[in-house]
Amino acid sequence: MIRSLLIANRGEIAVRVMRTARALGIRTIAVFSDADRDALHVEIADEAVHIGASPASESYLNVEKIIAAAREHGAEAIHPGYGFLSENPEFSEAVQLAGLTFVGPPADAMRRLGDKISSRELATQHNVPITPGALLPEGTAAQAKTKAEEIGFPVLIKAAAGGGGKGMRIVRSADEVEESFDAARREAKSAFGNDAVYLEKYIDNPRHVEFQVFCDGHGNAVHLGERECSVQRRHQKIIEESPSVALTPDLRKRMGEAAIRIIKAAGYVNAGTVEFLLDGDKFYFLEVNARLQVEHPVTEMVTGEDLVAWQLTVASGEKLPKTQEQIRFRGHAIECRVYAEDPTNGFLPSSGTVLRLEEPHSPGLRVDSGIREGFEIPVYYDPILSKVICWADDRTHAIARMRDALKHYVLLGVRAPLGYLQDVLAHPEFVKGNLSTHFIAQHFSEWKEPLPTGEALAALLAAANEQTRATSRAASGNGSAQTATPWQTLGDWRTAGAGA
Amino acid sequence: MSKTYRIGQREFPATIVHLSPEQIEVQQDGESSVLNCDCSGRQLILEGERRRYRTLAVRQKDHIFVWFDGRTYDLHELEESAAGTGAGGSQNEIRSPMPGTIIKLTVKSGQSVEADQIVAVLEAMKMEHNLRAPRAGKISKVDIAVGQTVSSDALLISLEADE
């Protein structure tokens with residue numbers, strides 16, 4: 001097993017990786033930018049190296065500085081986390097060239113899977129279904145109709161050259177093909193100067209279901225079940241769960257096997273995720289994420305396995321800790337992502353200082369957090385603050401436990417969608433498991449935080465009023481702190497005003 | 001005193017009066033609620049007729065974030081009409097946070113001040129404490145002079161009520 005590890009990341013994932021590394025007796029080395037001097041991941045690491053200015057390009061994305069820090073501090077391996085350099089084949093290569101171990105897949109496997117066209121080819125070669133489609137460079141409307149019938153309605157006609165929805169048409173029956181085909185060509189011609197169009201199967205209400213896979217360097221590959229990540233806002237996952245209510249044991253087996261086929265074909269090593277769109281009982285390969293995923297803890301909760309420990313084991317050249325038959329699934333797990341964003345204002349990223357933080361605790365609950373009280377959320381990076389993950393015997397109880405956890409999560413000073421997530425979990429269609437990637441757009445585009453009424457509203461206003469009084473009293477008494485942060489002033493007032 | 005809080009797009013005018021240091025009456029939308037208030041800990045406990053509310057609140061600039069009943073509300077205090085005196089009038093008053101001696105006075109009656117501007121310095125327990133204006137406004141009354149000894153919670157300086 002490796003003995004020292006540099007974590008080339010920040011926030012909750014850096015903290016999470018370090019916790020496992022420390023439990024395994026591995027010395028941990030953090031890197032940090034100017035903005036992260038007081039960050040939690042810096043505090044909990046055994047050693048911490050300042051690598052540059054706040055913009056990620058000068059710190060967390062700077063390959064040379066990270067490798068130099070690893071060498072200087074005697075790190076044997078580098079864990080990239082997710083985001084930043086995690087799926088950059090040049091980084092993986094540079095780490096190897098420096099004589100260090102990269103905790104992730106080799107560069108060539110990353111390249112094979114990272115390119116949309118080559119990964120779709122790989123899928124087709126290995127009998128993994130992809131969304132059917134056909135390019136019609138000089139086709140006629142009649143040819144388009146034949147092709148569309150082959151693919152099956154609805155189909156999407158889109159400009160081969162373009163994007164941004166221009167020249168894009170959803171066609172739901174054979175009668176509509178001719179008109180839409182001609183219109184799409186005209187639009188494509190005027191927008192891109194090229195009237196070639198592409199036909200693709202349109203999936204109306206797909207679910208997003210992905211499989212956690214793992215390969216070692218000895219030819220072993222397993223999957224650790226699926227995660228359903230259909231609840232997305234603008235293509236960003238917000239709630240993930242395992243298992244998916246949409247999978248039968250047979251479908252799970254077929255999808256899991258397909259995931260292993262493609263990952264083995266790519267010469268993959270370490271943790272990866274194979275993403276699929278699911279339409280009824282038909283599944284289509286989407287892409288492979290060649291790294292540890294944000295939502296990996298739901299898999300950990302239902303399997304009882306520590307995926308970071310698996311990553312470090314495999315990176316150390318050892319075999320996978322378990323065979324497919326040894327991997328067991330139990331209960332149901334849900335994850336909610338807590339972003340610094342304002343749900344009452346179009347989910348715009350929110351900055352600010354964490355003035356008050358009380359994380360929930362309960363059996364079966366885990367909070368993977370990268371923040372602490374007093375920490376100022378930098379504006380430079382992904383706004384994820386933490387993830388709340390819970391486990392229960394079944395989905396109903398997992399939902400109840402998660403709602404309770406979110407209700408007892410106190411996070412003041414930075415806006416976060418804790419109330420919004422509670423309402424999503426309580427929605428009757430979510431409770432029934434009727435999910436698709438359009439779930440949020442369908443049910444939550446008009447969401448507003450419910451307000452208390454009557455006496456409860458009076459209490460809310462009274463609480464705000466008391467806070468104002470507290471702040472102004474504290475401000476007038478607090479000479480030492482210039483414009484003291486509210487949590488300081490509040491604390492002072494409590495001592496002074498309440499006669500402690 | 002009368003206050004209006006904005007939460008999201010909605011505005012809530014209310015009259016909030018301290019019946020005693022531990023008892024608050026809130027009149028809102030024609031309803032009156034009396035709440036017993038315990039703020040001896042980190043949290044603020046409000047106890048009404050119907051139930052008990054555990055809250056936590058912090059202020060950031062002109063926003064008050066209140067964790068209330070499992071949700072976080074962002075309240076923006078819009079304005080105030082100074083109806084009340086005494087315990088309720090904090091935005092119009094600068095009171096002594098503790099017994100001490102005024103060692104410096106930087107404002108006069110009729111002078112305009114900025115929010116957070118230092119208006120006086122109080123020496124207490126061998127420490128100097130800057131006293132600051134709770135908001136921008138005009139000083140209406142100065143009840144102290146340099147060298148004067150003041151008791152805790154004494155009214156020192158008043159601001160003119162906003163129109």
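Values in this text are rule-based calculations from the coordinates and carry no lab data. Here the structure is a predicted model, which means the values were calculated and not measured. Positions of Cβ are generated from backbone atoms using ideal geometry, with glycine treated the same way; all protein chains shown enter the neighbour counts.
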Shielding by other protein chains, B:18-24, mean Cβ within 10 Å: 2
Burial order of peptide ranges A:314-325, A:412-423 (average beta-carbon count within 10 Å, highest first): A:412-423, A:314-325
Backbone N within segment B:1-41 under 14 Å of label point (7 Å from residue B:51 Cα along the Cβ vector): none
Paramagnetic reach from residue B:101 in segment B:110-139 [backbone N under 18 Å; point 7 Å along Cα→Cβ]: B:120-131
Protection proxy ranking, peptides A:263-276, A:374-387, average beta carbon neighbours within 10 Å, highest first: A:263-276, A:374-387
log₁₀ of I(q)/I(0) at q = 0.06, 0.08, 0.09, 0.12 Å⁻¹ - the protein assembly as shown, Debye sum with one point per alpha carbon: -0.45, -0.74, -0.88, -1.23
Ranked list, fewest to most other Cβ atoms within 10 Å of each Cβ, for A:126, A:438, B:18: A:438, A:126, B:18
Filter on A:253/A:322; A:282/A:319; B:3/B:104; A:116/A:264; A:189/A:282 - keep pairs with C-alpha separation over 23 Å: A:282/A:319; B:3/B:104; A:189/A:282
Theoretical FRET efficiency, 1/(1+(r/R0)^6), r = Cβ-Cβ of residue A:179 and residue A:126, R0 45 Å, to 0.05: 0.75
Whole-Å distance, taken between Cα centres, linking segment A:212-259 and segment B:106-163: 64
Cα-based equivalent ellipsoid of segment A:9-56: semi-axis lengths in Å, sorted from largest, via gyration tensor: 19, 10, 8
Relative contact order %, chain A, counting alpha carbon pairs below 8 Å whose residues are six or more apart: 13
Which of A:406, A:251, A:277 has the fewest Cβ neighbours within 10 Å, and the rest in rising order: A:251, A:277, A:406
Residue A:451 versus residue A:22: modelled label distance in nm, points set 7 Å from Cα along the beta carbon direction: 4.4
Which of B:96, B:151, A:351, A:4 has the fewest Cβ neighbours within 10 Å, and the rest in rising order: B:151, A:351, A:4, B:96
Ordering of A:195-201, A:57-63, B:110-116 by burial proxy (mean other Cβ atoms within 10 Å per residue, highest first): A:195-201, A:57-63, B:110-116
Ellipticity estimate at 222 nm from DSSP helix runs (n ≥ 4, -39,500 (n - 2.57)) divided over chain A, nearest 500: -11000 deg cm²/dmol
Label-point gap, in nm, between residue B:128 and residue A:245 - each point 7 angstrom along Cα→Cβ: 6.6
Shielding of A:444-456 by partner chains, average beta-carbon count, 10 Å: 4
Estimated distance in nm for a label pair at residue A:64 and residue B:112, the labels positioned 7 Å out from Cα along Cα-to-Cβ: 5.4
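Roughly speaking, what is the stretch gain from residue A:138 to residue A:379, that is 0.36 nm per residue apart minus the C-alpha to C-alpha distance, in nm to one decimal?
Stretched out fully, the residue A:138 to residue A:379 stretch lengthens by 81.9 nm.
Across peptide A:344-353, what mean number of C-beta atoms from other chains lies inside 10 Å of a residue's C-beta?
That average works out to 1.
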